[in-house]
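J.: I am attaching a structure below and will ask some questions about it afterwards.
Where a number appears in this text, it was derived from the coordinates with a stated rule and is not lab data. Note that the coordinates shown come from a computational prediction; the quantities given were computed from them, not determined experimentally. Cβ atoms come from the backbone with ideal geometry, glycine included; neighbour counts cover every protein chain shown.
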Amino acid sequence: MLIYKKVLCRFPAMITRFTQLYIGLLVAIPCLATNGTMTKNLKVLVSSNDYPPTALKLLEDHFTVLQSRYLNFGQEGSTLGREEILKLIPGCSALVWISNLPITNEILDAAGAQLKIVSTVSAGYNHCNPEELRARGIQLTNTPNVLSPAVAEVAVGLILSASRRFTENLDQVRRGEWEIGFDKVLGQDLRDSTVGIIGLGGIGQAVVKRLSGFDVARFIYSGHREKPEAKALRAEFVSQDTLLEQSDFIVAAVPLTNETKLMINKETLGKMKPNAVFVNVGRGDLVDQDALYDALKNKQIYAAGLDVTTPEPLPKDHKLLTLPNLFVLPHIGSATVRTRREMAELAANNIVNGLTGKPLLSPVKL
Ligand SMILES: O=C(O)C(=O)CO
């Protein structure tokens, strides 16, 4: 009875101790995980040797980081990048993907069942095998928003280069000929024009903002639904046909999906005005390039500016490159020092969060 009484009066203290211990563990385990003590045994693979040190450090603080010695999976005219990935990936819990080449089933098979997260250093993720990732229960993150300003700047650059015929004009300078008169090598004005944005997402909105100083008469956009942000930008929601028929400048800023694939084709090009300038900062496969070639060659539309093509790199003897009214860039949309660093850091932080039990910063809905 005495023992029973003793235990009983210690009971509240025991409960308090137990609660303290429990709370202590609750706090300590995530802390350990965040400080990396418990996560160091997790392996993370970075798919390229070109990854900013600040982003690498974010990963190294928490995990064992493996990094490919090669720039790009499968590029550089060799299979070394691919072999390296296949050698390093077994046992990895996360993959930082720095390439526009596909994440194949071969890579996912080699990784093994513990692969939890693929973090692509890009906004587009059509190359990341999303359906297979979903089927295997692997999370996917991308890097939207941080790149919108840089990509929008390239879109504005393409609008100006294509509409003011930089390709032909530069060729003139190189030939030592200066033939600008009243009908030769004249361009189109942005002033008082109608600019149509296909897809008023982060990039599309950033394009409108940047063009607001060019005295554009009207901004219109098409897409699945009206965007709340459009009002402040004075952009008007229209059907895709209206956009194609009324725009002087058309900017494609949509991701590549089954729905958007080849959306710019013989039929849609046929709806554009003869003075239309078409710009693509989305993905090469949005466009039927043979149809675009014909439309430019036959002067059915005025000019085009492309940051993205199919394939990439575009072979240097590709027929598109023979067109004087086309201005092409080698997919440099996000290629600024700051933007690439921010993309790399966001990709790393997604993995840090994902593997330490915190919410992902920019998950892709699979
Ligand atoms: O991040 C992407 O998807 C891009 O294409 C940037 O240019």
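J.: Taking only C-alpha pairs under 8 Å that are 6+ residues apart, what is the relative contact order of the chain in percent?
T.: Contact order relative to length: 17 percent.
J.: Would you mind estimating how fast region 234-366 diffuses translationally, via Stokes-Einstein at 10 °C and 1.306 mPa s with the Kirkwood radius over Cα pairs, in µm²/s?
T.: D = 95 µm²/s.
J.: Moving to a separate point now. If you consider only alpha-carbon coordinates, what radius of gyration and Dmax does the chain have, in Å?
T.: So, for the chain, Rg and Dmax equal 26.4, 112 Å respectively.
J.: Quick test of the membrane-span-like rule: which DSSP H helices of the chain reach at least 18 Å along their long axis (C-alpha atoms) with mean Kyte hydropathy at least 1.0?
T.: 2-35, 148-163
J.: Considering the zone a paramagnetic label at E83 would reach in this model (a point 7 Å from Cα along the Cα-to-Cβ line), which residues of region 37-59 have amide N under 20 Å from it?
T.: So the set is 46-50.
J.: Another question, if that's okay. Whole Å is fine, so just give me how far the alpha carbon centre of region 255-297 lies from that of region 347-366.
T.: 35 Å
J.: Now for a separate question. Determine the alpha carbon to alpha carbon distance for each of K209/K273; K266/K297; K184/K316 and list only those over 19 Å.
T.: Going by Cα-Cα distance, K209/K273; K184/K316 fall outside the 19 Å limit.
J.: I would also like to ask the following. Rounded to the nearest 500, what is the 222 nm mean residue ellipticity of the chain from helices alone, with -39500 (n - 2.57) per DSSP H run of 4+ residues and division by all residues?
T.: For the chain, the value works out to -12000 deg cm²/dmol.
J.: Mind jotting down the three principal axis lengths of region 128-230 based on Cα atoms? Whole angstrom, largest first.
T.: On the principal axes, region 128-230 reaches 62, 33, 20 Å in Cα extent.
J.: Which FRET efficiency value, to the nearest 0.05, do you get for T242 and T322 by plugging their Cβ-Cβ distance into 1/(1 + (r/R0)^6) with R0 = 22 Å?
T.: For R0 = 22 Å, the calculated efficiency reads 0.10.
J.: Same structure, new question: For region 270-320, report the translational diffusion coefficient in µm²/s to the nearest whole number, using Stokes-Einstein at 37 °C, 0.692 mPa s, and a Kirkwood Rh over Cα pairs.
T.: Rounded to a whole number, D works out at 290 µm²/s.
J.: Another question about this same structure. Say R0 is 30 Å: what FRET efficiency, to the nearest 0.05, do W178 and T310 get from their beta-carbon distance?
T.: 0.25
J.: Counting other beta carbons within 10 Å of each Cβ, put V208, V279 in order, fewest first.
T.: Lowest to highest Cβ neighbour count: V208, V279.
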